[in-house]
Amino acid sequence: MKINKILETVSDYQKLFTEDATFIVSDLEKYLYYRPGRIDFGFKPGDKIVEGTLMERAMKQNKKIVARVEKEQSKFGFPYIATVIPITDEEGVVGAMAVAFSTETQDMVINMSADLARVTGEIRESATEFSTSAAELANTNQRIAGESKELQAEIAGIQEIVNLINIISDKTHILGLNAAIEAARVGDKGRGFAVVAEEIRKLAQQTKFSAQDIRNKINQSLHRLNELVQSIQNLAAISEEQSAMAQQLTAAIEEISGVAEDLKNIAFKLK
């Protein structure tokens, strides 16, 4: 009888699988062979076949059945995956042989792949926001750098005006000095003119001192501005580098996210 030959060789079949596999052989009424693996249905040789199981269905339908049984549908209180084939001879179906595995590893892969897809999705969103912020920061720094250079040019223009004031004060001072000399030459008639000439010389001298003070302060401001511009340029370079790195990071995470999504889809197809 064919079923007896299977019982004689079933131990050889077992070598094709890992120790996690549970092997079952039955005739039409009872279990003839049972070796539990990671999962244990609690059968013993001689026990009657449990109704509604995959083995019973395979024998009734006379066809191979490969199925995943969830915990909610399981008659044994735990999920499992099983392959069942009917055993036939010239008289028809005489029994069945089944190999069953725990879904623990598969469920772990499914859950991990789903978590990975979720986490990489969150990281992708954060990386996209970071990349956008880095690009905005780089643009802002470039704009500030441009405005700082414009301010440098304006200060340089003010320096030119101060230089011009200084030249005018020098000429005014000489003019006042010449006027004083001329007033002294004409004597008493030039006394009033001498007073005006002296005031002109004083005003020219004060203007010169003020212009020098302004020049010193402008030079100090320009020195600080030059340092600020240099710092802004350095920051702009760093920001541009960060922006480029952020774009590379976003691209890499996009690729990882795609792999994670593929892994999740593959894992769910195993169910």
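The values are calculated or read from the model by the stated rules, or taken from the named source; none is laboratory data. Since we're looking at a predicted model, the values are computed, not measured. Here Cβ is always computed from backbone atoms with ideal geometry, including for glycine, and neighbour counts include all displayed protein chains.
Filtering LEU7, LEU16 for residues that are in the same structural domain as VAL84 (by TED's automatic domain parsing) and outside any loop (DSSP other than H, G, I, E, B) leaves a single hit, LEU7. Residues in the stretch 94-130 that are farther than 18 Å from GLU254 by Cα and either within 13 Å of the chain's Cα centre (by Cα) or outside any helix (DSSP H, G or I) (or both): VAL94, GLY95, ALA96, MET97, ALA98, VAL99, ALA100, PHE101, SER102, THR103. Any residue at all in the stretch 124-131 that's among the polar types (S, T, N, Q) and crowded, with 18+ Cβ neighbours inside 10 Å? Yes, the conditions are met somewhere in the stretch 124-131. Pairing each residue of the stretch 220-246 that is touching a residue at least 12 places away in the same chain (Cβ under 8 Å) with any residue that is loosely packed, with under 15 Cβ neighbours inside 10 Å and hydroxyl-bearing (Ser, Thr, Tyr), provided the two are 6+ apart or on different chains, yields no C-beta distance under 6 Å. Residues in the stretch 83-111 that are without any contact (Cβ under 8 Å) to a residue 24 or more places away in the chain and either of a type outside the set (S, T, N, Q) or crowded, with 16+ Cβ neighbours inside 10 Å (or both): THR83, GLU90, GLU91, MET108. For the stretch 84-93, the set of residues classified as over 12 Å from THR53 (Cα atoms) and not in a loop (DSSP other than H, G, I, E, B) consists of ILE85, PRO86, ILE87, THR88, ASP89, GLY92, VAL93, listed by residue number.
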